[in-house]
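The values are calculated or read from the model by the stated rules, or taken from the named source; none is laboratory data. Not measured: the values here are computed from a predicted model. So basically every Cβ, Gly included, is an ideal-geometry build from the backbone, and we count neighbours across all protein chains shown. Calculation scope for accessible area: heavy atoms of the full protein, side chains included, ligands and nucleic acids excluded. Shrake-Rupley method; radii C 1.70, N 1.55, O 1.52, S 1.80 Å.
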Amino acid sequence: MAKRDLAGKVVWITGGGTGIGQGAAEKLAEAGCHFILSGRRVEPLEASAAALRDAGGSAEVLQLDVADADAVDAAAQAISVKHGRLDILLNSAGINTANRRFANFSTKDWKAVVDVNLSGVFYCIQAALPMLRAAGDGLVINISSWAGNHINYLTGPGYTATKYGVGAMSEVLNMEEFQNGVRATSVYPAEVATPILDSRPVPVTDADKARMAQPEDLGDVVLLLAELPGRVCINEITVSPTYNRLYMGQGGSMAPDAE
């Protein structure tokens with residue numbers, strides 16, 4: 001199967017300053033993509049963009065809170081005006097809270113998680129869709145979670161529900177847009193050593209982080225998806241570390257409090 005030429009493709013990455021978004025940008029940069037990196041914090045976005053430029057890549061920063069629908073629309077409009085196109089949308093922004101049980105998960109926390117993890121994905125897809133249709137082979141990659149197809153005690157009701165929702169949304173997008181050449185993939189990673197680990201109630205040791213999947217590993221997965229020809233859709237893909245701590249008894253007392 002011939003790989004799709006990604007040189008000059010315009011890629012919008014939410015959560016692009018750290019974690020999986022950053023790892024994906026580094027891998028896609030090697031294929032010659034241009035990036036719009038979005039996130040709430042400017043500093044990591046600027047650092048990620050600078051690293052891409054230093055490596056010979058092309059990147060710009062567009063500060064954005066994906067939970068703000070109007071801001072997402074404005075961001076998509078800015079991309080359209082400046083570049084006139086969008087080829088790939090990678091929805092990588094996501095959060096969880098330390099208090100994540102029904103007993104201590106506040107309605108404020110629920111709203112925050114839903115607004116970013118689920119509504120934010122919807123806002124970005126909807127805003128980007130006209131450009132993705134125009135591309136003729138537009139690709140949406142949604143970073144869900146192991147928790148999005150393996151119900152467990154560990155991640156709490158908000159995170160789990162939103163990540164299941166992301167998978168459902170991706171498939172509905174495929175159903176509605178396949179005739180327009182738009183395809184979507186849900187990526188279901190188990191434990192990845194990203195900053196979201198800092199929100200866990202139980203700290204993760206450096207030794208455990210080293211055995212997890214790394215952002216660059218997920219970057220390789222994103223690159224694989226992006227290089228597939230437009231006639232091919234990988235509807236979903238699950239990625240886990242070989243040493244998968246979630247096999248230690250999902251929901252049981254031995255299981256880590258994981259994402």
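The figures follow:
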| item | result |
| --- | --- |
| Sulfur and carbon atoms: percent of accessible area, the chain [1.4 Å] | 54 |
| Of Ser186, Pro203, Gly219, farthest towards positive along the dipole that unit charges on Lys, Arg, Asp, Glu beta carbons give segment 175-233 | Ser186 |
| Positive minus negative residues near Ala2 (Lys, Arg vs Asp, Glu; Cβ under 14 Å) | 0 |
| Fluctuation leader among Arg183, Arg200, Arg41 - the chain, Gaussian network, Cα springs under 10 angstrom | Arg41 |
| Point-charge dipole on Cβ atoms (K/R +1, D/E -1) for the chain, about Cα centre, debye to 20 | 280 |
| Stretch gain in nm, segment Glu176-Asn152, where the contour uses 0.36 nm per residue and the Cα spacing is subtracted | 5.6 nm |
| Cα gyration tensor, segment 154-228 - rounded (a/c under 1.5), prolate or oblate | oblate |
| Helical segments meeting 20 Å axial Cα length and Kyte-Doolittle -1.0 threshold in the chain (DSSP H) | 69-83, 120-135, 156-177 |
| Over 27 Å [Cα-Cα, the chain], rounded percent | 32 |
| Cut-off 11 Å between beta-carbons: net charge of the residues surrounding Val140, Lys and Arg +1, Asp and Glu -1 | -1 |
| Along each principal axis, Cα extent of segment 199-249, largest first, Å | 43, 23, 21 |
| Net +/- balance of residues flanking Asn174 in space, Cβ distance below 11 Å, scoring K and R +1, D and E -1 | -3 |
